[in-house]
Amino acid sequence: MRKSKVLILVLALILMVTSIVFAAPNENAAGAFDRRITARVDGERALEHIRVLSEDIGPRVAGTEEEWMAANYIKDQFEKLGYPTEIQEVPISNVRSNLIITTLGNMELRVNTATGSGYTDSDGITAEIIPAGLGNSPEDFPAEVEGNIALVQRGDAPFAQKAENAVNAGAVGVIIYNNAAGSINPTLGTYSSPVPVVAITLADGSLLIDELQEQEVVATIKAEHLTKSWNVVATSTPKNQKKATDQIVHVSAHYDSVPFAPGANDNGSGTAMMLELARILKGQNIDKEVRFLAAGAEEIGLVGSRYYVNQLTEDEINRSLANFNMDMIATSWEPASYMYINTVDGQPNIVSESAVAAGARHGNDTYYLNAGGSSDHVPFHQAGIAAANFIRREPDTGRLEPWYHTPADTIENNISLERLQEAGEIIGSALFDVLRKDTPNLEKSRIRMSDEALAPFFIKGDQQ
Ligand code: BES
Ligand code: ZN
């Protein structure tokens, strides 16, 4: 009796030990691979990139000098890491304006230029401002509008109709002022205005209306046509050519911003972490090709990334395994406690699944699959490549931080070093997992689209 009890105990012990020993390799293997990334991600380094982009350079609007400076900073960083890097010129059409009230001591008003606005030569246009009410019908425009600048208020009719009425009345420029507090960012839809159309706040509009009761007001509008943006593309080729697959993984983040926004979180954060992951991956043995895309002109309609995808050959698209896109990964806004992993169709793919799994390995269940577009993963998805965007949001509501697209998108207001670090560790682990040679093959990762559905994406030079 005693003997058999001992035997059972010994057997049980052996069973326990062997199960630990046999279970261990998998867990350790995952842990060890993750640690190659997590032990190296340096949030402070990434933060320094955000500092250069958002503070030294500042707002980086598509096609401006500042966007060009940012592109060159990013290129320098990739080259210092030893990656062959090119700046890809992207054709765009973007108008940027300024508005100076000459009769009010050359006071400069902050303006947003309407999408679809016309532009001027470098002298701009100088003319009197003529109020035209809401500008919703031709009768709102007095005869003096001819050759002058029409001032209309937002409301009741589309911006395009106001602009077109003004142009028909002979206006050489249009100012639209808001009808409520806050910013105004008009788009003219399909109407392409021959004259500049700019938007100002309700406060500034009211100031002009008040002045116009007293005296004539003269203004200069300069509207510059910007025609070039830039993608920065760095390439990592497989180290061991014998083991190399022909697969390509695209890592992307846009580095441009909207006007007046320093873009610390949108999207200094994603750009900076892409540079940091590029630094770490440099030391790893990777059998796949990695292309890092710092995309320009995202904020004017995903123009840089669409151009990049359109430039890929059919063969390159067929070899493309995945796109990891980071856009707004590190807000310090407390309620944004989830990392949404947005796929365009809401379906899981190799990117989302590797990221959810990496989150789980880190004991983090806030990396969450969601349906969403509005960033550079969209053109990849449309070309049939498994793609996802990482963006921090409030769970359930999906709300973004209140500083989104404002001058308050700064490191001080809107960056959490801790969340930046966490994103780097989890997204970096997921990326490295996909880059390792024994991960699921290309056939399994491709999202299935018919040849017919794919055909439009092989048309070159499509600007949409
Ligand atoms: N960083 C945002 C991402 C985003 C995604 C914001 C979803 C809000 C919702 C991105 O830069 C952005 O602002 N995108 C534009 C759309 C784009 C096609 C011009 C937007 O959402 O207004
Ligand atoms: Zn963005």
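Points worth noting:
- Taken over segment 63-89, the criterion of being part of a helix (DSSP H, G or I) and open to solvent by 30 Å² or more (accessible area, probe 1.4 Å) is satisfied by Glu65, Glu66, Trp68, Met69, Asn72, Tyr73, Lys75, Asp76, Gln77, Glu79, Lys80.
- Within segment 233-272, considering residues that are surrounded by fewer than 20 Cβ atoms within 10 Å (Cβ to Cβ), part of a loop (DSSP other than H, G, I, E, B) and of a type in the set (S, T, N, Q), the one nearest to ligand 2 (Cβ to nearest atom): Thr237
- Looking at Arg60, Arg51, Arg96, just one residue is within 31 Å of the chain's Cα centre (by Cα) and assigned to a helix (DSSP H, G or I), and that residue is Arg51.
- Answer residue from segment 273-295, given it is within 15 Å of ligand 2 (Cβ to nearest atom) and part of a helix (DSSP H, G or I) and is farthest from Asn72 (Cα to Cα) among those: Met273
- Condition check for Ile300: surrounded by fewer than 24 Cβ atoms within 10 Å (Cβ to Cβ) and either away from ligand 1 (no atom under 12 Å from the Cβ) or closer than 12 Å to Val90 by Cα (or both): no
- Segment 374-388, residues that are within 10 Å of ligand 1 (Cβ to nearest atom), assigned to a loop (DSSP other than H, G, I, E, B) and buried (at least 18 other Cβ atoms within 10 Å of the Cβ): Ser375, Asp376
- Count - residues of segment 389-437 that are within 16 Å of ligand 1 (Cβ to nearest atom) and small (Gly, Ala, Ser): 3
- Set Ala357, Ala371: member being over 21 Å from Gly268 (Cβ atoms), within 17 Å of the chain's Cα centre (by Cα), among the aliphatic types (A, V, I, L, M) and surrounded by fewer than 19 Cβ atoms within 10 Å (Cβ to Cβ): Ala371
- Residues in segment 164-202 that are within 18 Å of Gly124 (Cα to Cα) and assigned to a loop (DSSP other than H, G, I, E, B): Gly170, Ala171, Val172, Ser193, Pro194, Val195, Pro196.
- Cβ-Cβ contacts under 7 Å between residues 6 or more apart (or on different chains), taken from a first residue in segment 213-226 that is closer than 17 Å to Ser192 by Cβ to a second residue that is among the basic types (Lys, Arg) and open to solvent by 10 Å² or more (accessible area, probe 1.4 Å), are listed as Glu224/Arg96; Leu226/Arg96.
- Output for segment 195-217, where each listed residue is open to solvent by 30 Å² or more (accessible area, probe 1.4 Å) and more than 20 Å from Ala157 (Cα to Cα): Ala203, Asp204, Leu207, Ile209, Asp210, Glu211, Leu212, Gln213, Glu214, Gln215, Glu216
- Exclusive hit being within 28 Å of Gln421 (Cα to Cα), within 10 Å of ligand 1 (Cβ to nearest atom) and in contact with a strand residue (DSSP E or B) (Cβ under 9 Å, 6 or more places away or on another chain), set Ser269, Ser252: Ser269
- Residue match in segment 286-294 (condition: within 15 Å of ligand 1 (Cβ to nearest atom) and assigned by TED's automatic domain parsing to the domain that holds Leu431): yes
- Enumeration of residues in segment 309-328 that are away from ligand 2 (no atom under 16 Å from the Cβ) and either outside any strand (DSSP E or B) or under 12 Å from the mean Cα position of the chain (by Cα) (or both): Val309, Asn310, Gln311, Leu312, Thr313, Glu314, Asp315, Glu316, Ile317, Asn318, Arg319
- Answer residue from segment 337-351, given it is more than 12 Å from ligand 1 (Cβ to nearest atom) and surrounded by 20 or more Cβ atoms within 10 Å (Cβ to Cβ) and is nearest to Leu293 (Cα to Cα) among those: Val351
- Restricting Glu314, Glu334 to those that are away from ligand 1 (no atom under 14 Å from the Cβ), open to solvent by 50 Å² or more (accessible area, probe 1.4 Å), without any contact (Cβ under 8 Å) to a residue 40 or more places away in the chain and assigned by TED's automatic domain parsing to the domain that holds Leu47 reduces the list to Glu334.
- Segment 349-374 residues that are within 12 Å of Asp433 (Cβ to Cβ), paired with ones that are surrounded by fewer than 16 Cβ atoms within 10 Å (Cβ to Cβ) and of a type in the set (D, E, K, R) (beta carbon under 8 Å, 6 or more apart): Ile350/Lys444; Gly359/Asp365
The values are calculated or read from the model by the stated rules, or taken from the named source; none is laboratory data. This is a predicted model, so every value here is computed, not measured. Cβ sites come from the backbone with ideal geometry, for glycine too, and all protein chains shown count toward neighbours. Ligands, DNA and RNA are stripped out before the accessible areas are found, and what is left, the full protein with its side chains, is counted by its heavy atoms. Shrake-Rupley method; radii C 1.70, N 1.55, O 1.52, S 1.80 Å.
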